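**Student:** I'd like to ask some things about the structure below.
Every number in this text was worked out from the coordinates using simple rules, so none of it is lab data. Just so it is clear, the structure is predicted and the values come from calculations on it, not from any experiment. Please note: Cβ atoms are built from the backbone with ideal geometry, for glycine as well, and neighbour counts cover all protein chains shown.
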Amino acid sequence: MKKIFLSTINNKIPITIGNNIISSKLLSKHIKSKSVVVVTNKTIGKIYLKKIRNCLKNYDTKVLEIEDGEKYKNITTFTKIHNYLIDNRFDRDLTIVAFGGGVVGDLVGFVASTFMRGVKLIHIPTTLLAQVDSSIGGKTAINHPNGKNLIGTFYQPISVIIDTKFLLTLPEEEYLSGLAEVVKYGLISKPSLLSWMNKNSKKILSRDKDCLGYIVLTSAREKVRFVSQDERESNVRAFLNYGHTLGHAIEAAMNYRNILHGEAISIGMLFASMLSVEKNKLDIKDFNLIEDTLEKLNLPTQIPKQIKTKNIIKHIKFDKKKQGDRNRFVLLNKLGSCIINDKLKDDFLEKMIGNYRS
Ligand code: NAD
Ligand code: GLY
């Protein structure tokens, strides 16, 4: 079991990482309130409810299961959870445990930050994406009909407990989607992780226990490094959006159907890498290594045929990370070194997307 810490302006948050580590002993080290509410979804509840209840048997524990899916990350579910807490007369002596993937984590984090002006929150992430990214850093959110993650807060948990054993029941496509975010750390800050993933792709795909331990710990350390330097995303935290400008545009153009976030980010990262060769000094050999690694990990690199380039450009223009009227891309100077480019014009991007697709 490994422990790392995220230092923020006000807190030092322990992040505990290991395989098969969830136990009543570990949880009692982190939970000091009388009452505990675990919020999870029905899919995860079906597999792990007994286990989590058992680990929390020393507390006055209640479990709330919400519906499964991104479409439930909204104000209706947010209100439902608040109603549950109010109906059950919980007070501030409460710890809320967000037990699930990024959807549960974002939604429950937002609830914890607003119920009684903020109660204690613990993340126990169960997807690869949540373990390497969303449970670390304090971003909470719900979606608005006009866009993803438009409403939310920055709210740090008191603890993050990452058990890689949960990843063994994750559907294959969700596992691959999380791997895209791991590759991202290899590109933006830890080139040795990228070459390691390229060499060990088969073991990674088989979810070998030691591989999971290595990729989750290494990614969590990288995420901590970015967030501790820039908690509110005014500078380097934005580098975590590598591949996300095109990725988000593809997700939006597909109406968030038939493509997972990580799959869209995989395509977006290879496109950003092509721009980095064209506009910066990324070596073509490194571009080839990135492409080869994504392919070995069964991640997509082609923009889906059914979306028109013009539609992608339209969505890039709407991207909320745009500043002023500029298209904002994170690019690489070389592996492990990023820069923001907000000078790429629509017609240039259209031409580059055309080249990329051909
Ligand atoms: P998700 O939470 O929808 O989980 C994916 C699927 O896996 C769901 O069907 C879920 O029920 C199932 N699942 C979860 N754990 C399981 C397990 N151990 N075994 C079997 N099935 C399991 O998706 P996600 O990819 O984890 O998260 C995506 C969300 O995260 C998006 O809403 C995104 O906006 C958000 N996000 C937030 C941040 C942040 O910094 N807060 C960062 C990245 C992404
Ligand atoms: N997932 C990007 C961030 O946490 O900033």
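**Student:** Would you pull out the residues with amide H under 5 Å of Asn333's amide H, same chain only if 5 or more places away, H placed 1.01 Å from N?
**Tutor:** Under 5 Å from the amide H of Asn333: Cys338, Ile339.
**Student:** On to the next question. Let me check against my output: what whole-number percent is the relative contact order of segment 137-232, with C-alpha pairs under 8 Å and at least 6 apart?
**Tutor:** Working: 65 pairs, mean separation 22.7, N = 96.
Averaging sequence separation for qualifying contacts and normalising by length gives 24 percent for segment 137-232.
**Student:** Kindly list the residues of segment 71-94 that lie in the label zone of Thr114, defined by a backbone N under 15 Å from the point 7 Å along the Cα-to-C-beta vector.
**Tutor:** In segment 71-94, the label zone of Thr114 (backbone N under 15 Å from the point 7 Å along Cα→Cβ) covers 72-86.
**Student:** Starting from the 7 Å offset along Cα-to-Cβ, what nm value, one decimal, do you get for the label separation of Asp60 and Asp208?
**Tutor:** Each label point is offset 7 Å from its Cα along the Cβ direction, giving 4.9 nm.
**Student:** Once phi is turned into ³J(HN,Hα) by the Karplus curve 6.51 cos²θ - 1.76 cosθ + 1.60 with θ = phi - 60°, what whole-Hz value does each residue of segment 132-142 show in order, with x for glycine and proline?
**Tutor:** Values per residue, Gly and Pro as x: 9, 9, 5, 7, 10, x, x, 7, 10, 5, 10 Hz.
**Student:** Averaging the inverse of every distinct alpha carbon separation and then flipping it gives the Kirkwood radius. What is it for the chain, in angstrom units?
**Tutor:** Numbers: mean 1/r = 0.0481 Å⁻¹.
When all Cα pairs of the chain are included, the Kirkwood radius is 20.8 Å.
**Student:** Here's something else I'd like to know. With each label point set 7 Å from Cα along the Cα-Cβ vector, what nm distance links Asn20 and Lys285?
**Tutor:** My value for the distance between the label points is 4.3 nm.
**Student:** Out of residues 5 or more away from Gly137 or on other chains, whose amide H comes under 5 Å of its own, with H placed 1.01 Å from N in the peptide plane?
**Tutor:** Sorted by chain and number, the residues that satisfy this come to none at all.
**Student:** Right, here's the next one. Evaluate the relative contact order of segment 95-156 (contact order divided by residue number), counting alpha-carbon pairs under 8 angstrom at least 6 apart; express in whole percent. Provide the component values of the computation, followed by the final result.
**Tutor:** On the way: 112 pairs, mean separation 21.5, N = 62.
Contact order relative to length: 35 percent.
**Student:** Can I ask one more? Stretched out fully, how many nm does the piece from Arg357 to Ser192 gain, at 0.36 nm a residue minus the Cα gap? Intermediate values should be presented prior to the final figure.
**Tutor:** Working: separation 165, 0.36 × 165 = 59.40 nm, distance 2.90 nm.
Taking Arg357 through Ser192 to full extension adds about 56.5 nm, to one decimal.
**Student:** Now a separate question. Computed FRET efficiency, Cβ-Cβ of Tyr84 and Val236, R0 35 Å: what is it to the nearest 0.05? Don't jump to the answer; show the numbers that get you there.
**Tutor:** Working: r = 38 Å, r/R0 = 1.09.
Working from the Cβ atoms, E equals 0.40.
**Student:** From the phi of every residue in segment 251-258, what ³J(HN,Hα) in whole Hz does the Karplus formula 6.51 cos²θ - 1.76 cosθ + 1.60 yield, where θ is phi - 60° and glycine or proline is x?
**Tutor:** With coefficients 6.51, -1.76 and 1.60, one gets 4, 5, 5, 8, 6, 6, 10, 6 Hz.
**Student:** Right, something else. I'd like the FRET efficiency for Val277 and Lys343, computed as 1/(1 + (r/R0)^6) with the beta carbon distance as r and R0 of 22 Å, rounded to 0.05. Present the calculation step by step, with values, prior to reporting the outcome.
**Tutor:** Numbers: r = 17 Å, r/R0 = 0.76.
In this case the efficiency is close to 0.85.
**Student:** Which cross-chain or sequence-distant (5 or more) residues have an amide H under 5 Å from the amide H of Gly100, H modelled 1.01 Å from N in plane?
**Tutor:** Ile124, Thr126
**Student:** Need the full-extension length gain, Arg257 to Asn146, defined as separation in residues times 0.36 nm minus the C-alpha distance. One decimal, nm. Before the final figure, lay out the partial values.
**Tutor:** Numbers: separation 111, 0.36 × 111 = 39.96 nm, distance 1.59 nm.
Residue separation times 0.36 nm, minus the Cα-Cα distance, leaves 38.4 nm.
**Student:** Report the full-extension gain for the segment Glu350 to Lys51: residue separation times 0.36 nm, less the Cα-Cα distance, to one decimal in nm. Numbers along the way, then the final one.
**Tutor:** Details: separation 299, 0.36 × 299 = 107.64 nm, distance 5.11 nm.
That works out to 102.5 nm of additional length.
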